[in-house]
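No value in this document is a laboratory result; all are computed from the given coordinates. Just so we're clear, the structure is a prediction, and the values are computed from it rather than from any experiment. All Cβ positions, glycine included, derive from the backbone under ideal geometry; neighbour counts span all protein chains shown.
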Amino acid sequence: MTAVIETEGLGKRYHKLWALADCSLSIPAGHVVGLVGPNGAGKTTLMNLATGMLAPTTGRIEVLGGRPAAGPGQLAKVGFLAQDAPVYAGLSVADHLKLGAQLNPAWDGELARRRIGQLDLDPGQKAGKLSGGQRAQLALTIALGKRPELLILDEPVASLDPLARREFLQNLMETVGEGQVSVVLSSHLISDLERVCDYMIVLVDSRVRLAGPVDDLLAAHHLLSGPRRDPASLPDGVQVISASHTDVQSTMLVHTTGPVLDPAWTLSEVGLEDLMLAYMKQAGGGGQRQRHLEVQK
Amino acid sequence: MIWLTWRQFRAQAITAAAALVAFAILLVVTESRMSSLFAASGITGCHGGACPGAATRFLIDLSSGQTFPLLPDGANAYVILYFLSVLIILAAPAIIGIFWGAPLIARELESGTHRLAWNQSITRTQWLAVKLTLIGLAAMAVTEALSLLQGWWAAPIGKAVGLGGSASIMSEGRFGIFIFPTHGITPLGYAAFGFALGVTAGLLIRRAIPAMAATLAIFAVVQFAVPLWVRPHLIPPSHTIATLATANVTPNGGPSIAVTATVIPGHPGAWITSSGAVNATGQPVTAPAACKSAIPRNLNPGGTRAWANCLASHGVRVSASYQPVSHYWPLQLAETGLFLALALALAWYCFWRLNRRLT
């Protein structure tokens, strides 16, 4: 399968600040991809680059084999739900569906009407009077109605309460499950994505820290605990992501390609949330230590 | 895209249509008194020297004796109507730039809806092209409609002024700084320019209210600068040097000679763009010493005449640059073309910026 998003050395700079730097990714098709990272990590920038809302400062990006927003054909292939789910406050729900129908040759009016019906939205209602959740649903309906091959959702549930979040994501998965759509969605909350994503990208400080299918990521990471010792004494091929020590014991999250054979260690599985948090923390306070470790290794 | 443009523009379009209808009703209702006074004035069929008198009489009759219920007593309804109707055409392109142009992109950027609009299966170029074309044409149509209505209503005034009549503010001919840009085809150019200026300001400033203010400021400067520094030179003016007449001299109580050409012999109705006192060889001159004693102390006609005679007898003549009446339509074309070209340049810049310098 070809990549839905492929980037190489991609970077975007605002004045002197890099919002995204040195980003090389290849996201295969057919996944629900979670883009995780703290606020300001570059998630929105990456999504705006993928939809052509921004032009890269360095590097290149290809989406479904084409340059983002290169023409009507490319635009038709990508559905984008921008942050805060923008809709026209003065236009009604029905107007928005008409907008979708008028501007998208492949518009699926049946799907859009059915969704609006299921969501119990009043077609005559002005979009400005909708709740945050309803607005997100309306914007998602427009993005889905154009029958995209790739759906990009920027913080789709950020403004929703926990119940609405769950409903939105459930509804999204049901809709996506029907067709052959790849999805990339971002959130700064891992718990939102854990349930629905089978591919994860962790973005911290404008850089990609981790990317891969969830199963592979879990298989390649282990929690080691045992008597206290220097992380540097670990064998080659074992990379420490995070470590905590008490007087007598060390606990380390490690990335390893092969089995850990040292009988001194107790090996246990690591949860996805813990794994990603470790990567985010590492980039934050522990960046210095990480570099140090890599040199020793 | 046409549907979306209309849907988003609908409220403004209805407002403009309502304003246009109100303007038309006001002029249609008041036109009958104008045409009956004109018919009674004797201007039609007048001969030679009788015409300016009849014309002035008509204008004086028109601008007196009629008050409107809403206006204070003594306010001359037709003077106010004439003034307001010209002002509205003059202001229409600015208003269009402010309320149609500036928010066109700025409002989308402000509310973030550009991220919705620009992610449908239509390029930004298409999106902007449809909006600029449809709303730009509407801007030109509305402004030109206002102009044609006013031109029809004020035709008797124009005729009377053309025959040399003058009363109150009804004294500007076709080249007048308020009349020229509000009649003929120039309103088309101003409307297109005002709209494109607003759109560009909105795209650059990205916020509607400041963009509206910038549009107004820039448009006002352009509207002020063009008649002073641009229009006189759009077509090379003609030049003439004529004998000094009393009418050319304005006493100013000093030795400098305030000489203004008021008419160009053989070219009635010409627009005099600049004039001054010159000697027989065409060099600018000051008052000859011999005439210093003749400088009039006040505005009495006899003194002015004596002074003018003294200046003329010492070889002072009047030089003038002017645009003859035959230049009216070429000038109209040139000014309209200038503004249409500016509007297209601004539109081109908007397309370029929308695609290159992404949000």
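Structure above, values below:
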| item | result |
| --- | --- |
| Exposure proxy order (Cβ contacts within 10 Å, fewest to most) of B:Ser171, A:Ser250 | B:Ser171, A:Ser250 |
| Separation of alpha-carbon centers, segment B:101-125 and segment A:221-263, rounded to whole Å | 52 Å |
| Partner lysines for A:Lys126 [C-alpha distance under 18 Å; skip if fewer than 8 residues away on the same chain] | A:Lys98 |
| Estimated inter-spin distance, B:Ile80 and B:Thr262, nm [label 7 Å along Cα→Cβ] | 3.2 nm |
| 222 nm mean residue ellipticity, helices alone, for chain A (DSSP H n ≥ 4; -39,500 (n - 2.57); rounded to 500) | -10000 deg cm²/dmol |
| In Hz, Karplus ³J(HN,Hα) per residue of segment B:92-104 (6.51, -1.76, 1.60; θ = phi - 60°; x = Gly, Pro) | 3, x, 5, 4, 5, x, 6, 9, 9, x, 4, x, 3 |
| Packing-based exposure ordering (other Cβ within 10 Å, fewest first) of B:Leu148, B:Leu354 | B:Leu148, B:Leu354 |
| Inter-probe distance in nm under a simple model that places probes 7 Å from Cα toward Cβ, at B:Val21 and A:Gln170 | 5.2 nm |
| Sequence-separation-based contact order of chain B, relative, with Cα cut under 8 Å and 6+ spacing, percent | 20 percent |
| Total formal charge among the other residues, if their Cβ is under 10 angstrom from that of B:Trp3, Lys/Arg +1 and Asp/Glu -1 | +1 |
| ³J(HN,Hα), Karplus 6.51/-1.76/1.60, whole Hz, each residue of segment B:316-327, x for Gly, Pro | 6, 10, 10, 10, 9, 9, 8, 10, x, 4, 5, 8 |
| Listed residue (A:Val254, A:Ile201, B:Val278) projecting farthest to the positive dipole end of the protein assembly as shown, Cβ model | B:Val278 |
| Taking all pairs of distinct alpha-carbon atoms in segment A:1-147, Kirkwood radius in angstrom | 16.6 Å |
| Within segment A:60-101, trypsin sites (Lys or Arg not before Pro) in DSSP loop having at most 12 other beta-carbon neighbours inside 10 Å | none |
| Amide proton proximity set for A:Ala211, modelled H, under 5 Å, gap of 5+ | A:Val202 |
| Whole-Hz couplings from phi, Karplus 6.51/-1.76/1.60, listed for segment B:19-32; x for Gly and Pro | 5, 5, 5, 4, 4, 5, 4, 4, 6, 5, 5, 8, 6, 4 |
| DSSP-assigned coil residues among trypsin sites (Lys or Arg not before Pro) in segment A:153-262, each with at most 16 further Cβ atoms within 10 Å | A:Arg195, A:Arg228, A:Arg229 |
| Whole-angstrom gap from segment A:99-153 to segment B:7-31, using each part's C-alpha centre | 36 Å |
| Charge dipole of chain A about the Cα centre (unit charges at C-beta), most positive-ward option of A:His15, A:Pro156, A:Gly52 | A:His15 |
| Gaussian network model of chain B, Cα within-10 Å springs - most flexible of B:Pro156, B:Pro227, B:Pro330 | B:Pro330 |
| Quotient of C-alpha Rg and 2.2 N^0.38 Å, computed over chain B | 1.22 |
| Over segment B:238-325: Rg over Rh, Cα atoms, Kirkwood Rh | 0.97 |
| Isolated Cys in chain B, by beta carbon distance under 4.7 Å | B:Cys350 |
| Relative exposure of A:Asp215, A:Asp108, judged by other C-beta atoms within 10 Å (fewest first) | A:Asp215, A:Asp108 |
| Listed residues B:Gly282, B:Gly189, B:Gly302, most fluctuating in chain B (Gaussian network, C-alpha, under 10 Å) | B:Gly302 |
| Dipole of the protein assembly as shown [Lys/Arg +1, Asp/Glu -1 at C-beta], most positive-end residue of B:Leu338, B:Tyr82, A:Ala243 | B:Tyr82 |
| Distant-in-sequence amide H partners of A:Val184 (H built 1.01 Å from N, under 5 Å) | A:Val33, A:Leu151, A:Ile152, A:Leu153 |
| Partners for A:Lys12 among lysines (Cα-Cα distance below 22 Å; same-chain residues under 8 apart left out) | A:Lys43 |
| Amide H contacts under 5 Å for A:Leu91, placed H, 5+ residues apart | A:Ala127, A:Gly128 |
